[in-house]
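Peer 1: My questions all concern the structure below.
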Amino acid sequence: KLQTDLPILTKDEVGSLAGAITDLGKELEQYRTSRSEFFANISHELRTPISYIKGYSEVLRKGMVQSEMERNQYLMIIEDESTRLAALINDLFELAKMEEGKLDLHPEWIEMDDILTSAIKKVSLKATEKKIAILLQPSHDHPMIYVDAIRLEQIMINLIENAIRYSEPETNVDVYIQVHRNRLKVFIKDQGMGIPKEDIPFIFERFYRVEKSRSRASGGTGLGLAIVKNLVELLGGEIELNSASGEGTLFTLSFSIDQKVRADK
Ligand code: ADP
């Protein structure tokens, strides 16, 4: 006689168990494909700048370039592509740390206005180059929030840099704050090219871009929004986006002011 501690399952239970195992298998399969897709993306993204660097340095070494101007152009490409490579490696490392839960957070009391002012200062060179004005509307009540200031600033820099990158020169980017009930909201609104409706659901995915060439030409790694989304969640906030092709983009970040209550406990 078969001795077993396992419960005897009814036909229905066997059926639902089999169903659950099949679902699990499907999920695992999906996970595997998205993982291998991700690695395929990474190697493509890494290979592209490397092939530029390799190609142009070879051309220069072999003395195949006559004019000084052309030589400078090639050196500039090598420099840009090295910068991109460094940014890509940095972003990948950041993402990996976040996903493994290994990012150390150092929350402190800060004023949201100060974070925004500091972020805007850091991107002002890029804004000036494109004659884009970043208009910060400070809040009346200067709300405080208990959060990791460096990471919060990183989120703001990323979003404002994107607003600059995907806008035409001589447009404005508006940044403003609102406090409603127990939530502190930050709005970043540009008058740029917008994001087509069909792309919006995928926009926070790693390496997803609406226009590859434009992102590349302006130094994007395709990882910015994936990092932003991860960071916002780690800081206990939420991010939303409203956009349509040709109509600009509005990112809304929202944090609970009651975080301070939780933090005090
Ligand atoms: P990238 O390095 O390519 O900018 P991101 O992850 O930051 O990568 O953004 C992903 C894509 O989302 C971009 O390539 C761009 O197509 C689109 N995007 C992001 N921000 C904006 C914006 N403010 N306006 C229009 N499109 C945007």
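Peer 1: Please report, in debye to the nearest 20, how large the charge dipole of segment 111-265 is about its Cα centre when each Lys and Arg carries +1 at its beta carbon and each Asp and Glu carries -1 there.
Peer 2: In total the dipole reaches around 320 debye.
Peer 1: To continue, here is another question. Quick one: Kirkwood hydrodynamic radius for the chain, alpha-carbon pairs, angstrom, one decimal?
Peer 2: Hydrodynamic radius (Kirkwood, Cα pairs) of the chain is 21.7 Å.
Peer 1: Answer rounded, prolate or oblate for segment 66-213, using the Cα gyration tensor with square roots of eigenvalues a ≥ b ≥ c: rounded when a/c is under 1.5, else prolate when a/b is larger than b/c, else oblate.
Peer 2: Prolate.
Peer 1: Please name which of 17, 257, 48 has its Cα lying farthest along the dipole of the chain towards the positive end, using unit charges on Cβ (Lys, Arg +1; Asp, Glu -1) and the Cα centre as origin.
Peer 2: 48
Peer 1: Note down the nm distance, to one decimal, between modelled labels 7 Å out along Cα→Cβ at residue 118 and at residue 102.
Peer 2: Between residue 118 and residue 102, the simple spin-label model gives 2.6 nm.
Peer 1: Let me ask something else. Once Lys and Arg get +1 and Asp and Glu get -1 on their Cβ, which of 140, 215, 193 lies farthest toward the positive end of the dipole of segment 117-233?
Peer 2: Among 140, 215, 193, the one farthest towards the positive end of the dipole of segment 117-233 is 215.
Peer 1: Compactness ratio of segment 145-258: Cα Rg over 2.2 N^0.38 Å, N = residue count?
Peer 2: Working it through for segment 145-258, the quotient is 1.04.
Peer 1: Next question, about the same structure. Going by amide H atoms built from the backbone, whose H comes under 5 Å of the H on residue 183, apart from near neighbours?
Peer 2: Excluding prolines and chain starts, which carry no amide H, the hits are 257.
Peer 1: Mind checking which of 236, 116, 248 is farthest towards the positive end of the chain's charge dipole, using Cβ charges of +1 (Lys, Arg) and -1 (Asp, Glu) about the Cα centre?
Peer 2: Farthest towards the positive pole: 248.
Peer 1: Straight distance only, please: which lysines reach the Cα of residue 11 with their own Cα at less than 25 Å, same-chain residues fewer than 8 apart left out?
Peer 2: 1, 26
Peer 1: Taking θ = phi - 60°, what integer Hz values does the Karplus form 6.51 cos²θ - 1.76 cosθ + 1.60 yield along segment 58-69, in sequence order, with x for Gly and Pro?
Peer 2: After applying 6.51 cos²θ - 1.76 cosθ + 1.60, I find 5, 4, 5, 4, 7, x, 7, 9, 8, 7, 4, 5 Hz.
Peer 1: With +1 on each Lys and Arg Cβ and -1 on each Asp and Glu Cβ, and nothing else charged, work out how big the dipole of the chain is about its Cα centre, in Debye to the nearest 20.
Peer 2: Using Cβ point charges on Lys, Arg, Asp and Glu, the chain gives about 500 debye.
Peer 1: If you don't mind, there's one more thing I want to ask. Within the accessible area of the chain, what % is carbon and sulfur when the probe is 1.4 Å and the other protein chains stay in place?
Peer 2: For the chain, the apolar C and S fraction of the accessible surface comes to 55 percent.
Peer 1: Give the lysines whose C-alpha is closer than 21 Å to that of residue 121, dropping any in the same chain fewer than 8 places away, or say none.
Peer 2: Excluding near neighbours in sequence, the set is 130, 131, 185, 189.
Peer 1: Turning to a different aspect of this structure: Working from the alpha-carbon coordinates of segment 12-106, get Rg over Rh, Rh being the Kirkwood radius.
Peer 2: Rg/Rh for segment 12-106 comes to 1.32.
Peer 1: Would you pull out the residues with amide H under 5 Å of residue 173's amide H, same chain only if 5 or more places away, H placed 1.01 Å from N?
Peer 2: So residue 173 has HN proximity to 133, 134, 135.
Peer 1: Using the Karplus curve 6.51 cos²θ - 1.76 cosθ + 1.60 with θ = phi - 60°, what ³J(HN,Hα) values do you get for each residue of segment 168-174, in whole Hz, with x for Gly and Pro?
Peer 2: Working through the residues one at a time gives 6, x, 6, 10, 10, 10, 9 Hz.
Peer 1: Here is a follow-up. Given the Cα atoms of segment 97-152, and with Rh set as the inverse mean 1/r over their pairs in the Kirkwood sense, what is Rg to Rh to two decimals?
Peer 2: That ratio equals 1.09.
Peer 1: Counting heavy atoms of the protein chains only and a 1.4 Å probe, report the per residue accessible area for the chain as a whole number of Å².
Peer 2: Accessible area per residue: 63 Å².
Peer 1: Starting from the Cα of residue 83, step 7 Å toward the Cβ, then list every residue of segment 126-140 with an amide N under 17 Å from that point.
Peer 2: From segment 126-140, the list is 126-131.
Peer 1: ³J(HN,Hα) across segment 9-24 via Karplus (A = 6.51, B = -1.76, C = 1.60, θ = phi - 60°), whole Hz, x for Gly/Pro?
Peer 2: For segment 9-24, the Karplus curve yields 8, 6, 4, 4, 5, 4, x, 6, 5, 4, x, 5, 5, 4, 4, 4 Hz.
The values are calculated or read from the model by the stated rules, or taken from the named source; none is laboratory data. Quick caveat: nothing in here was measured; it's all calculated off a predicted structure. Note that each Cβ is placed from the backbone with ideal geometry, even for glycine, and that neighbours are counted across all protein chains shown. Keep in mind that these areas ignore ligands, DNA and RNA; they rest on the heavy atoms of the full protein, side chains included. Shrake-Rupley method; radii C 1.70, N 1.55, O 1.52, S 1.80 Å.
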